[in-house]
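The values are calculated or read from the model by the stated rules, or taken from the named source; none is laboratory data. The model shown is predicted, which means the values in this text are computed figures rather than measured ones. Glycine also receives a Cβ, built like all others from the backbone with ideal geometry; neighbour counts cover every protein chain displayed.
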Amino acid sequence: MSDRENLQERAYTYLRDAIISGELKDGSQHSIYRLAEKLEISRTPVRDAVIQLAETGFVTVERNRGFRVHGPTVERLRDIFELRLLLEVPAAFHAAAHGDAELQANLQSATSGMTTTLAQGDTRGYLLHDRAFHEHIARAAGNQRLSSTLDGLREVVRDPGGYSNFGVRGPDTIIEEHAAIAHAIAEGDPTRSAEAMRDHLVRTGTVLMDRLAQRRGESVDPNWSTRLAMAFAK
């Protein structure tokens, strides 16, 4: 990784963490120039980090005015999980129908990694294995745009200082949900794979929205996971 890429990653990590933690308030406007001064780096890597963040929906770039922050809200988190349901459920179906031994081995490795890191209390290690698990399933579809879109959606909810469900749900429950998905894919059962993925995303999304709602004094629609399904049914 080049020095410029390292600086961009530093700026990106700072901004993402500051937005999720609330240090940079929802709706606030910021100057790339002043942020570069604060981080003591040049404006170019900061600008590139802001553009990268814009792809996740964390910020909006405003011409000649810097960028505006879009902090976490229950509605935005719901939007993310609705999209994940629309994309990852059929991806799991496809993985079970067309997956191979390599995919099965990768999912087993990721699940084992999650088990080990959860037992060790290693939050970041767990999140890396969790991310890999979902990436393997997405990549099995052979659609690069699908993979990159899901990666961007997961980026918003993967940080342990913000939305992560690590420590909120029991480790056994988290592992069981991933193991159920991996087992259904290994058995070549598309329907069960899709159902297991849906159950996992709905439970995770509900827990994280409830957690955020408590912090913000907001409420969570108990039927959030069926909202778009009901719209399609009409």
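List, please: which pairs have Cβ atoms under 9 Å, are six or more places apart or on different chains, and start with a residue in the range 5-19 that is under 10 Å from ALA49 (Cα atoms) and end with one that is in a helix (DSSP H, G or I) and among the hydroxyl-bearing types (Ser, Thr, Tyr)?
Pairs found: LEU7/THR44; GLN8/THR44; ARG16/THR56.
Sort through ALA18, ALA95, ALA36 and tell me the only one that's surrounded by 15 or more Cβ atoms within 10 Å (Cβ to Cβ), of a type in the set (Gly, Ala, Ser) and assigned by TED's automatic domain parsing to the domain that holds GLY205.
None of the other options fit; the residue is ALA95.
For the range 141-159: of the residues being of a type in the set (S, T, N, Q) and crowded, with 16+ Cβ neighbours inside 10 Å, which is modelled with the highest pLDDT?
Among those residues, the one meeting the criterion is SER147.
How many residues does the range 1-53 hold that are among the acidic types (Asp, Glu) and either under 14 Å from HIS70 (Cα atoms) or within 19 Å of the chain's Cα centre (by Cα) (or both)?
Qualifying residue count for the region: 4.
Restrict the check to the range 199-217 and report whether at least one residue is buried (at least 18 other Cβ atoms within 10 Å of the Cβ), modelled with pLDDT of 95 or more and among the charged types (D, E, K, R).
No, there is no match, as no residue in the range 199-217 is buried (at least 18 other Cβ atoms within 10 Å of the Cβ), modelled with pLDDT of 95 or more and among the charged types (D, E, K, R).
Within the range 184-192, identify whether any single residue is at pLDDT below 95, on the phi > 0 side of the Ramachandran plot and over 17 Å from the mean Cα position of the chain (by Cα), and answer yes or no.
No; the residues of the range 184-192 include none that is at pLDDT below 95, on the phi > 0 side of the Ramachandran plot and over 17 Å from the mean Cα position of the chain (by Cα).
Given GLY71, GLY66, which one is surrounded by 15 or more Cβ atoms within 10 Å (Cβ to Cβ), modelled with pLDDT under 95 and touching an Asp or Glu at 6+ places or on another chain (Cβ under 6 Å)?
GLY71
Please specify each residue of the range 40-70 satisfying the condition of being in contact with a helix residue (DSSP H, G or I) (Cβ under 9 Å, 6 or more places away or on another chain), aliphatic (A, V, I, L, M) and part of a helix (DSSP H, G or I).
If the condition is that a residue be in contact with a helix residue (DSSP H, G or I) (Cβ under 9 Å, 6 or more places away or on another chain), aliphatic (A, V, I, L, M) and part of a helix (DSSP H, G or I), then VAL46, ALA49, VAL50, LEU53 are the ones that fit.
For the range 56-71, give me each residue that is under 17 Å from VAL156 (Cα atoms) and either over 13 Å from the mean Cα position of the chain (by Cα) or not assigned by TED's automatic domain parsing to the domain that holds ILE20 (or both).
The answer is VAL59, THR60, ARG68, VAL69, HIS70, GLY71.
Could you tell me which numbered condition GLY217 fails, if it satisfies all but one of (1) of a type in the set (Gly, Ala, Ser); (2) within 30 Å of ASP26 (Cα to Cα); (3) touching a residue at least 60 places away in the same chain (Cβ under 8 Å)?
Here GLY217 clears every test but (3).
Can you tell me which condition ALA54 does not meet? The list is (1) farther than 29 Å from TRP224 by Cβ; (2) in contact with a strand residue (DSSP E or B) (Cβ under 7 Å, 6 or more places away or on another chain); (3) surrounded by fewer than 18 Cβ atoms within 10 Å (Cβ to Cβ), and all the others hold.
(1)
Taking only pairs six or more apart or across chains, which ones have beta-carbon atoms under 7 Å, a first residue in the range 94-107 that is closer than 13 Å to ALA138 by Cβ and modelled with pLDDT under 95, and a second residue that is assigned to a helix (DSSP H, G or I) and hydrophobic (A, V, I, L, M, F, W, C)?
GLY99/ILE185
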